[in-house]
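Working notes, beginning with the structure itself.
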Amino acid sequence: MKTHVDINWSELGFSYIKTDFRYVSLWQDGKWDKGRLTEDNTITISDGSTALHYGQQCFEGLKAYRTVNGKTVLFRVDRNAKRLNMSCRRLLMPGIPEEKFIDACLKVVRANERWIPPHRMGTLYIRPYVIGIGDNIGVKPASSYMFGVFCLPVGPYFKGGMKPVNFIISDYDRAAPFGTGAVKAGGNYAASLYPHKLAVDGGFTDCIYLDPMTHTKIEEVGAANFFGITGDQALVTPKSDSILPSITKQSIMYLAGNYLGKRVEERDVYADRLDEFKEAGACGTAAVITPIGGIEYNGKMHFFDYHEEVGPMTKALYDLLTGIQFGEEPAPDNWILEV
Ligand SMILES: *Cc1c(COP(=O)(O)O)cnc(C)c1O
């Protein structure tokens, strides 16, 4: 096998590529089997599977990075393991022991070594998921489950690199006030497809969701979290029980406070008070840190001070975060796991 696949790394986007191996494990008779690698990217399940009818499924997303020294590392994989288990609990699915989750990710990355993009030419995106399977028709939890992990090389999620992009605030919600917004359940994303299409048709990169209870506060930027930077360079990010707790967001909060010595606030962000920010951005594993140039709300476009070029704090956070992920900057303890 060749040591590297024939891919023009600089043209990588965020689309499905079938890599060599994926991992599957089954929950039957009350326990997980030991799991195995397979080359088959199709799965055969009962047409009554709860994942298909009642959305009993959840997923994760993380990346493997090729460091400046040629090593491969995972970023805060234990956090993804814990979050997947939170999702499983909310959806009455059996959790995945943390060691099993990490082991599955390591196995998949090692088996697809030749698909890992060279240093800073992209990343290997890892997609773990849990689905309810087996014969069923009633609205109730499944009796069998499948845990799978696959991976593919990716480039930027929002095209445009570090050029600020524009968003529009949606009238729709992705989640209910006490629903499943805080877990990575597929249903949230099914609900987001239509508002996303409206935003793109209107010339925007994606839509921004307000809090489902009062429709006054910013919650999510598509499938990424929101942050704003004030005039004194404080990092402000919304707090709400219906936001998906982004590991990227928790990481930049830590870096802004502990590495850059800035104030960090997790609190309400009102959609009609965007003038409190000089810079804004979206953050997540796929989005990394994407600068937001402007936001349309109630028919009016609000531009941040830095809307032509990325702002200094957004750039500093991007450099620091990706520097740590690509092994160029020292990482806080336990953030990096060598593959
Ligand atoms: C996955 C996701 C994020 C980003 O979380 P990370 O852990 O940073 O990847 C943010 N918002 C939504 C809705 C998500 O699904």
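The values are calculated or read from the model by the stated rules, or taken from the named source; none is laboratory data. Keep in mind that what you see is a predicted model, and the values were worked out from it rather than measured. Backbone-built Cβ (ideal geometry, glycine too); neighbour counts: all protein chains shown.
Residue-level analysis places LEU274 among those that are of a type outside the set (D, E, K, R), away from the ligand (no atom under 16 Å from the Cβ) and touching a residue at least 12 places away in the same chain (Cβ under 8 Å). Going by what's in this entry, would ILE169 be described as more than 22 Å from ARG76 (Cα to Cα) and not assigned by TED's automatic domain parsing to the domain that holds PRO97? It is true that ILE169 is more than 22 Å from ARG76 (Cα to Cα) and not assigned by TED's automatic domain parsing to the domain that holds PRO97. Answer yes or no: is there a residue in region 158-173 that is over 30 Å from ASP6 (Cα atoms), part of a helix (DSSP H, G or I) and more than 15 Å from the chain's Cα centre (by Cα). Checked against the condition, which is being over 30 Å from ASP6 (Cα atoms), part of a helix (DSSP H, G or I) and more than 15 Å from the chain's Cα centre (by Cα), region 158-173 yields no hits at all. Inside region 211-230, residues that are more than 16 Å from MET253 (Cβ to Cβ) and either outside the structural domain of LEU317 (by TED's automatic domain parsing) or of a type in the set (Gly, Ala, Ser) (or both) make up a count of 2.
Among residues of region 175-192 being hydrophobic (A, V, I, L, M, F, W, C) and not in a loop (DSSP other than H, G, I, E, B), the one that is farthest from the ligand (Cβ to nearest atom) is ALA190. Could you check, for region 287-302, whether at least one of its residues is closer than 17 Å to GLY228 by Cβ, more than 16 Å from the ligand (Cβ to nearest atom), in a loop (DSSP other than H, G, I, E, B) and among the charged types (D, E, K, R)? No, every residue in region 287-302 fails to be closer than 17 Å to GLY228 by Cβ, more than 16 Å from the ligand (Cβ to nearest atom), in a loop (DSSP other than H, G, I, E, B) and among the charged types (D, E, K, R).
Listed by position, the helices (runs of 4 or more DSSP H) contained in region 21-137 that have at least 1 residues being within 16 Å of the ligand (Cβ to nearest atom) are 77-90, 98-111. Would you confirm whether any residue within region 151-168 is of a type in the set (Phe, Trp, Tyr) and more than 18 Å from ALA287 (Cβ to Cβ)? There is no residue in region 151-168 that is of a type in the set (Phe, Trp, Tyr) and more than 18 Å from ALA287 (Cβ to Cβ).
Contact map, region 243-268: residues that are in the same structural domain as GLN233 (by TED's automatic domain parsing) paired with residues that are among the polar types (S, T, N, Q) and in a helix (DSSP H, G or I), Cβ distance under 9 Å, separation 6+ or inter-chain. Pairs shown: LEU244/ASN188; ILE247/ASN80. So which of THR180, THR216 is β-branched (Val, Ile, Thr), buried (at least 18 other Cβ atoms within 10 Å of the Cβ) and touching a residue at least 24 places away in the same chain (Cβ under 8 Å)? The conditions single out THR180. The combined condition, being assigned to a strand (DSSP E or B) and either away from the ligand (no atom under 12 Å from the Cβ) or within 24 Å of MET301 (Cβ to Cβ) (or both), is not fulfilled by VAL200.
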